[in-house]
Amino acid sequence: MNPLPSAADGPVIVLNCGSSSIKFALFDGSRRPPPRIPEWRGAVQGIGGPTPALHTDGAPDTAIALDPARPYHAALELIRARVVERLAGRRLRAVAHRVVHGGSQYFQPVRVDAAILADLQRLIPLAPLHQPFALEAIEILLRERPDLPQVACFDTGFHQSLPQVEQMLPLPYSAWQRGLRRYGFHGLSYEYLAQALPERHGAPARGRVIAAHLGSGASLCALSDLRSVATTMGFSALDGLMMGTRCGSLDPGAVLHMMEIEKLSLAQVQRTLYHESGLLGMSGLSSDPRVLLEYEARDDADGERARAALALYVRRLVREIGALVAVLGGLDLLVFTAGVGEHNTAIRARAVAALGFLGARLDPRANAAHAPLISAADSRVCVAVEPTNEEWVMARHCLDLAAAPSAA
């Protein structure tokens, strides 16, 4: 196995490990903060499936073979080998990992050792579909390269500024005492926006802002003076908006019904809520709004289901935006980010049209061009599109911690 060389002034590698994919990006480590564009990035996709593939900048996707007995470990080994090739003799400085859940203990990025890894493993029940994969990568590198600094960056961290009233759940008070609370997620994305939006939009970005992170997972964050004051995801990444395959906010009675009347097990309910609901579940066609937009004009059952799924998706988005406007006491800037938010003109147009009561109006040409500012000149609310950059946030934190005396 190719080792990862390390050095105090080398680049940093950022890993974003999901259940079926590992995204990676290499950043110049000689400058602080690092450049916002990585020098190289890629992903191994389809891990555990029949057709895994490697994608890297500037190269066509390549079909790969992974050991079926340990496909995730094999994918990490493949990435490591490709990184060594890319380094071309340079020595790696550190590794940054996106870790979804920091619990009530970890809000700031932290350099990981065996004790911290054990703490994070105890949080797996809070994010069972996300947490284990990043921790597996950390564990492998800790074992094989204990000298290489590894930094965990938490998706929950940005929301530490939530007021207590936004953290609490309406359960018996003993649940709060046991640590059941609303954490919020997509924090690395919102942390980036908190830096990028004032640079591009000035004063409105420091006012009453709602950021819509719309991807396969989706959430909203209400920001005041660039700090999170409310968010739609809560204790888990199931809460809030309707998503690609996740249900979003749901009457708990529906879950009780499925378990009691339909005799579904806990595992079956979990699969339904995480993987078989949302756009995919309602439409029966796809979790991708782009695909459903192609179906909605059809005069058949598929078209009807696509229209219903998209209508509910937008309605839930508008309803949650309205709720956060009430929390903020108004709205100065609405910003769309992540895959759907950055690239889907129709979803943006339908959502903003429904927010006309706020005085929000789009410029159709700017929206079609995915311009940074897509609101019309006479719109009372600025509406923006801002590509997120979670990788850069992690690289920056990684360099800061790797340079600290404790990381020497």
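So, A96, is that one more than 15 Å from A237 (Cβ to Cβ) and under 17 Å from the mean Cα position of the chain (by Cα) or not?
Numbers: more than 15 Å from A237 (Cβ to Cβ): yes; under 17 Å from the mean Cα position of the chain (by Cα): yes.
The answer is yes for A96.
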For this session: Output the residues belonging to the stretch 17-46 that are polar (S, T, N, Q), modelled with pLDDT of 80 or more and in contact with a His (Cβ under 8 Å, 6 or more places away or on another chain).
Result: Q45
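For the condition of a type in the set (A, V, I, L, M), out of contact with any Cys (no Cβ under 8 Å at 6 or more places or on another chain), open to solvent by 20 Å² or more (accessible area, probe 1.4 Å) and over 21 Å from L169 (Cα atoms), what is the one hit in L250, L280, L197?
Numbers: L250 fails: over 21 Å from L169 (Cα atoms); L197 fails: open to solvent by 20 Å² or more (accessible area, probe 1.4 Å).
It is L280.
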Exercise. Under the condition of being more than 20 Å from L193 (Cβ to Cβ) and open to solvent by 10 Å² or more (accessible area, probe 1.4 Å), which residue from the stretch 383-406 is modelled with the highest pLDDT?
Worked result: L401
Exercise. What do you reckon, is A175 in contact with a Lys or Arg (Cβ under 9 Å, 6 or more places away or on another chain) and without any contact (Cβ under 8 Å) to a residue 60 or more places away in the chain?
Worked result: yes
For this session: Inspect all residues belonging to the stretch 131-139 and state whether any of them is outside any helix (DSSP H, G or I), open to solvent by less than 40 Å² (accessible area, probe 1.4 Å) and within 29 Å of A222 (Cβ to Cβ).
Result: no
For this session: Of the numbered conditions (1) buried (at least 22 other Cβ atoms within 10 Å of the Cβ); (2) under 20 Å from the mean Cα position of the chain (by Cα), R316 fails exactly one; give the number of that condition.
Result: (1)
Exercise. Could you give every pair whose Cβ atoms fall below 6 Å, whose first residue belongs to the stretch 244-267 and is within 26 Å of V314 (Cα to Cα), and whose second residue is assigned to a loop (DSSP other than H, G, I, E, B) and open to solvent by 80 Å² or more (accessible area, probe 1.4 Å), counting only separations of at least 6 or pairs across chains?
Worked result: G244/S216
For this session: Answer yes if at least one residue in the stretch 349-368 is over 22 Å from S216 (Cα atoms) and within 21 Å of the chain's Cα centre (by Cα), and no otherwise.
Result: no
Seminar exercise, completed: All-but-one check, A376 against (1) at negative phi; (2) in contact (Cβ under 8 Å) with a residue 40 or more places away in the chain, failing number (2)
For this session: Considering each residue of the stretch 140-166, count those that are surrounded by fewer than 19 Cβ atoms within 10 Å (Cβ to Cβ), touching a strand residue (DSSP E or B) at 6+ places or on another chain (Cβ under 9 Å) and not aliphatic (A, V, I, L, M), and give that number.
Result: 6
Exercise. Where in the stretch 287-356 are there helices (runs of 4 or more DSSP H), lying fully within it, with 1 or more residues that are over 22 Å from A205 (Cα atoms) and either at pLDDT below 95 or of a type in the set (A, V, I, L, M, F, W, C) (or both)?
Worked result: 289-295, 301-328, 345-354
Exercise. What's the number of the condition R380 fails, among (1) open to solvent by 40 Å² or more (accessible area, probe 1.4 Å); (2) assigned to a helix (DSSP H, G or I)?
Worked result: (2)
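The values are calculated or read from the model by the stated rules, or taken from the named source; none is laboratory data. No experiment lies behind these values; they were computed from the predicted model shown. FYI the Cβ positions are ideal-geometry reconstructions off the backbone, even for glycines, and counts take in every protein chain you see. Remember, those area values only see protein heavy atoms, side chains included, never the ligands or the DNA or RNA. Shrake-Rupley method; radii C 1.70, N 1.55, O 1.52, S 1.80 Å.
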